[in-house]
Amino acid sequence: MTSGRVDVHHHFTAPDWLDWAEERGAINREKLPWWTRWDRNAALEVMDKAGISTSVMTVAMLGRLRERAERQESARVALRAAADVVESHPARFGFFTPVFLDDLELSLWSLRYGLDELGAVGVSTRTSMDGVHLGDDAHDRLLAELNDRSAVISTHPMDVPVGNGGGAGLPGMPPFVCDFLMDTTRAAVNLIRNGVLDRYPNLTFILPHGGGFLPYIATRLELFGRHLTPDIEPGRVQDYLHRFCFDTAGPMSPSATPTLLATVDPGRILFGTDWPPTPAQVVTDIVAPALDNDPAISDAQLQAINRENAVRLMPALDR
């Protein structure tokens, strides 16, 4: 088992935040998904078994809070808890501070508090919110601020509508099986067609789950990009494929690795587990060994995917 990995895809639901949100009636702890029961000892155990030296936490807040002051306090509680974890184990954890696609002022506060005061290594954001995908013109002021900070932006789908009546997906199929991958793909295509990295060249986007379907529809996007509005020149597809970063959370199938390596820049592939939504046994017994033994990945590429690419992207993780 490889040691020294950096996991860029680790979900963190702070126990302190659960207490805070439940006291205010924002959540019912018993009705939340199993993976919201984050535990420090359990995290360290799975990290040690999988050879992970450092995990970068994505701070989760699942409550339906609408008022600005309440959302800010919610983020404050969650971010302070993440910072406390890092302070207690500085070599083992880092965290992303969230930005909110629907609230610029709250995002600016989170940047000041999370990045400037607490030492986050980057930011996290949803791939879409209320049907508006990342890279929409409405996000320009936020993207400009992030560009000024040369931000690393970890993306993740959430709350993809499922069911009949115009929603995405099929009844009875959890969104993480398929729809999350499509939402990531739609966000990536939106970033490409709106020329986000051309206008904001200092941004680095991490696409989860191997980039969704993007690497596998790259040729299709090149061929049919002229049918989009605005259209996409074929050369821009290849350019962006080599400027995005892609994490291995999924778990990824070994049959997918050759396509990913042939389509994107291997120097921008990052190790990710998606723990705890992906159970510990899957991470330690299936995902990590499969990556270590994947015949499509050279020893040098494996070392880079496991650690070097992430440390180069976020030097603060080299502890």
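Under the rule a/c < 1.5 gives rounded, and otherwise a/b versus b/c splits prolate from oblate, where does region 164-319 land using the Cα gyration tensor?
Taking the square roots of the gyration eigenvalues as a ≥ b ≥ c, region 164-319 is oblate.
Rounded to whole Å and sorted largest first, what semi-axes of the equivalent ellipsoid does the C-alpha gyration tensor of region 1-100 yield via the square root of 5 times each eigenvalue?
Value: 26, 14, 11 Å, ordered largest first.
Under 11 Å from the Cβ of R66, count the other residues' Cβ atoms, weight Lys and Arg +1, Asp and Glu -1, and hand me the total.
So the surrounding residues net to -1.
Once the cut-off is 25 Å, how many percent of the Cα-Cα pairs in the chain end up in the long-distance tail?
Value for the chain (Cα pairs over 25 Å): 48 percent.
Can you run phi through the Karplus equation (6.51, -1.76, 1.60; θ = phi - 60°) for region 189-199 and list ³J(HN,Hα) in whole Hz, with x for Gly and Pro?
Values per residue, Gly and Pro as x: 4, 5, 4, 5, 5, 8, x, 4, 6, 6, 7 Hz.
From the phi angles alone, apply the Karplus equation (6.51, -1.76, 1.60; θ = phi - 60°) to region 234-245 and give each ³J(HN,Hα) in whole Hz, x where the residue is Gly or Pro.
For region 234-245, the Karplus curve yields x, x, 5, 4, 4, 4, 6, 4, 9, 10, 6, 9 Hz.
In a GNM of the chain with a 10 Å cut-off on Cα contacts, which of V177, V59, V283 has the highest mean-square fluctuation?
Checking each option, the largest mean-square fluctuation is seen for V177.
Please state the charge dipole magnitude for the chain, taken about the Cα centre, from unit charges on C-beta atoms (+1 on K and R, -1 on D and E), reported in debye and rounded to the nearest 20.
I would put it at about 180 debye.
Translational diffusion coefficient, Stokes-Einstein: compute it for region 265-312 using the Kirkwood radius over C-alpha pairs as Rh, at 20 °C and 1.002 mPa s, and state it as an integer in µm² s⁻¹.
In µm²/s, the coefficient is 189.
Just from its helices, what would the mean residue ellipticity at 222 nm be for the chain, if runs of 4 or more DSSP H residues each count -39500 (n - 2.57) and the sum is divided by every residue, rounded to the nearest 500 deg cm²/dmol?
Taking each H run of at least 4 residues, the total per residue is -9500 deg cm²/dmol.
Give the Kirkwood hydrodynamic radius (Å, one decimal) of region 251-290, defined as one over the mean of 1/r across all pairs of different Cα atoms.
Result for region 251-290 stands at 11.1 Å.
Normalised radius of gyration for region 1-56, please: alpha carbon Rg relative to 2.2 N^0.38 Å, two decimal places.
1.37
Taking amide H positions as placed 1.01 Å from N in the peptide plane, with prolines and chain starts having none, which residues 5 or more places from S128, or on another chain, fall under 5 Å of its amide H?
So S128 has HN proximity to L134, M158.
If you count, for each residue, the other Cβ atoms within 10 Å and average over each peptide, how do 269-276, 287-294, 66-73 line up from highest to lowest?
Sorting 269-276, 287-294, 66-73 by mean packing, highest first, produces 269-276, 287-294, 66-73.
Could you pull the accessible area for R149 with a 1.4 Å probe, rounded to 10 Å²?
Probe radius 1.4 Å; accessible area of R149 about 80 Å².
For L207, list long-range residues whose amide hydrogen, built 1.01 Å from N in the peptide plane, is under 5 Å from its own amide hydrogen.
Long-range HN contacts for L207: C245, F246, D247.
With only alpha-carbon pairs counted, each pair once and no self-pairs, how large is the Kirkwood hydrodynamic radius of region 92-194 in angstroms?
Averaging 1/r across every pair of different Cα atoms and inverting gives 14.6 Å.
List the residues whose amide H sits under 5 Å from the amide H of M57, counting only those 5 or more places along or on another chain, with H placed 1.01 Å from N in the peptide plane.
When sequence neighbours closer than 5 places are left aside, the close amide H contacts are G94, F95, F96.
Sort 127-137, 92-102, 219-229 by packing, meaning the average of other beta carbons within 10 Å per residue, with the highest value first.
Peptide ranking by packing, descending: 92-102, 127-137, 219-229.
Mind telling me which of P174, P215, P266 comes out most flexible in a GNM of the chain, alpha-carbon contacts under 10 Å?
P174
How much accessible surface area, in Å² rounded to 10, belongs to the heavy atoms of Y216 with a 1.4 Å probe?
Approximately 100 Å² of Y216 is accessible to the 1.4 Å probe.
Name the trypsin sites (Lys or Arg not before Pro) in region 1-49 that are in a loop by DSSP and that have at most 16 other C-beta atoms within 10 Å, would you?
When the trypsin sites (Lys or Arg not before Pro) of region 1-49 are filtered for loop state and at most 16 Cβ neighbours within 10 Å, R24, R37 remain.
Please list 3J(HN,Hα) in residue order for region 46-63, calculated via the Karplus relation 6.51 cos²θ - 1.76 cosθ + 1.60 where θ = phi - 60°; whole Hz, with x for glycine and proline.
Those phi angles translate into 5, 4, 5, 5, 8, x, 9, 7, 9, 10, 9, 7, 9, 7, 9, 9, 9, x Hz.
The values are calculated or read from the model by the stated rules, or taken from the named source; none is laboratory data. As the structure is a prediction and not an experimental result, all values here were calculated from the model. Neighbour counts are summed over all protein chains in view; Cβ atoms, including those assigned to glycine, are modelled from backbone coordinates with ideal geometry. Protein only, heavy atoms only, side chains kept; ligands, DNA and RNA dropped before computing areas. Shrake-Rupley method; radii C 1.70, N 1.55, O 1.52, S 1.80 Å.
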